[in-house]
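This report refers to the structure that appears directly beneath it.
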Amino acid sequence: MKLLKYICTFIFLLFSVVLNAQSVEMADRFRADGKIYVVVFVAAIVITFIAVYMVRLDFKVSRLEKMIKEKKH
Amino acid sequence: MKKTRPISHSWWWKVIALVCLLYTYIAGFLGTVPAMPILNETIRNLFFHVCMWMSMFVLMTVNVVYGIRYLSTNNSYDDLVAEEAARASMVFGIAGLVTGMVWANFTWGAPWVNDPQLNGTAATMLLYAAYFILRNAVNDEAKKSKLAAIYSIFAFAMMMVFIMVLPKLTDSLHPGKGGNPGFNKYDLDSNMRMVFYPAVIGWTLIGVWIMSLRIRFRLVEQSYLEKL
């Protein structure tokens, strides 16, 4: 429970990113059109898939470890 | 009674890693970055490219620490950790080199410029490639582990010289090297820090996760082979 509280505080701290205006040539038009959200969405999907894959891999190794342990005794 | 799990089987740090990464991939594109000439929008690569090196560096540190541990304990598990740490660090090193080449092509005009930092990291990759060649060249298990542990100390020291020291002494295009101001001078403002630090934490933990999975896989493999 305490750990969960720490993690939550950490996440909320991170999301408090402030937005400012810019002057040098940047991809502002791209942002204004809202197309940046397409990029963000795609990147978020990719990282989510990698996350799911890693978690499944972890479970698979855990299952193997269990099998080996049960066979030993 | 609550069962105590080893750190490699607990989930809290893996959750932190994934949350940090998801946050990096959202805030890395949406967050505010300083408008710099030449760099323009590519300054966001800091969140993705530099983290590869941080992760590589942490894993190489694990490699040398467990190498030294092996020398004092002679426990084959320590050697296994050292080997898998080196393997995982190579993944991030190669990823760092490739992403760096893409970025350099845009900002410096060529994928490979004659920069001490670039040549130093290439030399480091070769140093660690030699680590695996050394491991494969020796058949005797104990001898192999001992040689690899001793070599990893030299490799780590050379890595520090190649990546951290030499580029600072000579001219380098990288920030913070050869008279160039570092990112923390004006580039890395507080908004970027808010993304950069979680990105480093996330990628480092992912690297450790990959390493721990590989170690666990190897241990399962070993105990299976013992039963045969």
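Read-outs: derived from the displayed coordinates by stated rules, not from any lab. This is a predicted model, so every value here is computed, not measured. All Cβ positions, glycine included, derive from the backbone under ideal geometry; neighbour counts span all protein chains shown.
Dipole magnitude of the range B:82-228 about its Cα centre, charges +1 at Lys/Arg Cβ and -1 at Asp/Glu Cβ only, in debye to the nearest 20?
Once rounded to the nearest 20, the dipole reads 260 debye.
Return the average number of partner chain Cβ atoms within 10 angstrom of each residue Cβ along peptide A:54-64.
4
What residue among B:ILE150, B:ILE26, B:ILE94 has the largest mean-square fluctuation in a Gaussian network model of chain B, using Cα springs under 10 Å?
B:ILE26
By a straight-distance test (C-alpha under 15 Å), which aspartates and glutamates pair with B:LYS168 as possible cross-link partners, with residues fewer than eight away in the same chain excluded?
Leaving aside aspartates and glutamates fewer than 8 places away in the same chain, those within reach of B:LYS168 are B:ASP115.
For the cross-link pairs B:LYS14/B:LYS146; A:LYS69/B:LYS146; A:LYS5/B:LYS14; A:LYS2/A:LYS60, which exceed 20 Å when the distance is taken from alpha carbon to alpha carbon?
Going by Cα-Cα distance, B:LYS14/B:LYS146; A:LYS69/B:LYS146; A:LYS2/A:LYS60 fall outside the 20 Å limit.
Nearest 20 debye, what's the magnitude of the dipole of the protein assembly as shown about its Cα centre given +1 on Lys and Arg Cβ and -1 on Asp and Glu Cβ?
1340 debye
Against the longest alpha carbon principal axis of chain B, how many degrees, from 0 to 90 and to the nearest 10, is the axis of helix B:51-73 turned?
Between helix and principal axis, roughly 30 degrees.
Using only atoms on other chains, find how many Cβ atoms lie within 10 Å of each Cβ of peptide B:18-30 and report the average.
Rounded to a whole number, the mean comes out at 6.
Net charge within 10 Å of B:SER212 by Cβ-Cβ distance, Lys/Arg positive one each and Asp/Glu negative one each, not counting B:SER212 itself?
Result for the local shell: +1.
Place +1 on the Cβ of every Lys and Arg and -1 on the Cβ of every Asp and Glu in the protein assembly as shown, take the dipole about the Cα centre, and give the residue among B:PRO34, B:CYS20, B:TRP103 whose Cα lies farthest towards its positive end.
B:CYS20
For an R0 of 30 angstrom, estimate the FRET efficiency from the Cβ-Cβ distance between B:THR42 and B:LEU134 and round to the nearest 0.05.
For B:THR42 and B:LEU134, the calculated efficiency is 0.20.
Got a sec? How would B:LEU22, A:LEU3, B:LEU228 order by Cβ neighbour count within 10 Å, fewest to most?
Least to most surrounded, the residues fall as B:LEU228, A:LEU3, B:LEU22.
Assuming 1.306 mPa s and 10 °C, estimate D for the range B:1-120 with Stokes-Einstein, Rh taken as the Kirkwood radius over Cα pairs, in µm²/s.
Approximately 93 µm²/s, per Stokes-Einstein.
Of B:MET60, B:MET211, B:MET36, which is the most mobile in a GNM of chain B whose springs link Cα atoms less than 10 angstrom apart?
Highest fluctuation among the options: B:MET36.
Mind checking the angle between helix B:116-137 and chain B's longest principal axis? C-alpha axes, 0 to 90 degrees, to the nearest 10.
Computed tilt is about 10 degrees.
Would you order B:ASP79, A:ASP28 from fewest to most other beta-carbon atoms within 10 Å of each residue's own beta-carbon?
In increasing order of surrounding Cβ atoms, one gets A:ASP28, B:ASP79.
Ranking B:THR61, B:THR24 by Cβ neighbours within 10 Å, fewest first, what do you get?
Fewest to most other Cβ atoms nearby, the residues stand as B:THR61, B:THR24.
Based on the mean of other beta carbon atoms within 10 Å per residue, what is the order of B:123-130, B:137-144, most packed first?
B:123-130, B:137-144
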